[in-house]
1. Relative contact order for region 233-304: what percent, with Cα pairs under 8 Å and sequence separation of 6 or more?
2. Search the structure for amide H atoms under 5 Å from the amide H of residue 256, placed 1.01 Å from N in the peptide plane, and list their residues when 5 or more places away or on another chain.
3. Separation of region 243-305 and region 193-228 by C-alpha centroid, Å?
4. Let a ≥ b ≥ c be the square roots of the eigenvalues of the Cα gyration tensor of region 233-304; is it rounded (a/c under 1.5), or, if not, prolate (a/b larger than b/c) or oblate?
5. Note the full-extension length gain between residue 305 and residue 293 as 0.36 nm times their separation in residues minus their Cα-Cα distance, in nm to one decimal.
6. Return the FRET efficiency for the residue pair residue 33, residue 234: r is the Cβ-Cβ distance, R0 is 41 Å, and the value is rounded to the nearest 0.05.
7. What is the extension gain from residue 213 to residue 250, computed as 0.36 nm multiplied by their sequence separation minus the C-alpha to C-alpha distance, in nm to one decimal?
8. For a Förster distance of 51 Å, can you work out the FRET efficiency between the beta-carbons of residue 268 and residue 132, rounded to the nearest 0.05?
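A short reminder: the numbers here are calculations on the coordinates, not readings from a lab. Everything numeric here is computed off the predicted structure, so don't read it as measured data. Reconstructed Cβ throughout: ideal geometry from the backbone, glycine too, with neighbour counts over all protein chains shown.
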Amino acid sequence: MDVIKTRAAEWIARLHAGDCTPRDHDRFRDWLTSDPRNGPVFEHMTELWELSGGLSRPAPVSIPTRATRGPALSRRHALAGLVATVFLAAPPWEGAHASRIEETGTGSIRDIHITPRTHCRLDTQTRLVVGLNGQQARLCHGQVMLSTTGPDPFHLSADGMTVQLHDQTAADIRINRGDTEVTAVRGKIFLTAVALRAAGRWVMPGQRLRMYRNGGWNIDYPDLETLLAWQGGELVFRNQPLVDVIQEINRYTSRQIVLSAPRLASQRLSGVYHVRQGDAFLQMLPRLLPLRIRPAHNAYEIVAL
């Protein structure tokens, strides 16, 4: 694993170098897909880089006189070595640089003020690590609604991507199993990530950018009322497959719902689920679809009739 961390640190240095080329990006993608362990390690170390502010002024590194590579390559390797040394020697960011850690349990939604001008609402099963200066944080998992009215930009790192919010802006950020979503709710926000190349990208009001684990991304325009309903303790479903509905509801319940009828997975449902109404969804479901529900060990099992 240390070998992967060292290589990931070298790629961080290369991708942040001023002479980084499209060919370097292609080689990086090849390395990223060559081993399933590479992606998670690179994402984690990128977050450490972003949250520590990077190494904008690396200390001078002595290059051996017998080195035969050109000056640019030598400097790059020196920077990579410095980055690797810092990352491999440093403890996790939470312990070394966090001012506080905010978490919510299953079914809990909570409001916090990161600073007097930066407000955050945490959805169920969310973990947020706030930096020492209060102007940066990392979303480890879950979902947040983040808004700021301060003149200084706020930076949120989420799964290898950095979201930058400016005065009078708000964004909904969510980490899923296969992607990370960032929606500009008020004002425009700026995103940086390896997949977006060095330039980054503005996300305009009403837009949602999805960054996938394989490095791909797309932009769409979600229905904001549906997207933000969780803030009021509601989940709104509009013609969604049963399997997706169950997956979403399971985020809010300690007793999980298990779908044991694969042929029902694609059945479509619409409606509003109130998080605090407990088993109301299960009581309603048999009236809508040909199924029955039976209690199982710490779960409810859905089976076909």
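1. Values: 101 pairs, mean separation 27.4, N = 72.
Once normalised by length, the contact order is 38 percent.
2. 300
3. When both Cα centres are located, 30 Å separates them.
4. Values: a/c = 1.56, a/b = 1.06, b/c = 1.47.
It comes out oblate by the Cα gyration axes.
5. Working: separation 12, 0.36 × 12 = 4.32 nm, distance 0.98 nm.
In short, 3.3 nm is gained.
6. Working: r = 39 Å, r/R0 = 0.96.
The computed FRET efficiency comes out at 0.55.
7. Working: separation 37, 0.36 × 37 = 13.32 nm, distance 2.24 nm.
Net length gain for the segment: 11.1 nm.
8. Details: r = 48 Å, r/R0 = 0.93.
FRET efficiency, residue 268 to residue 132: 0.60.
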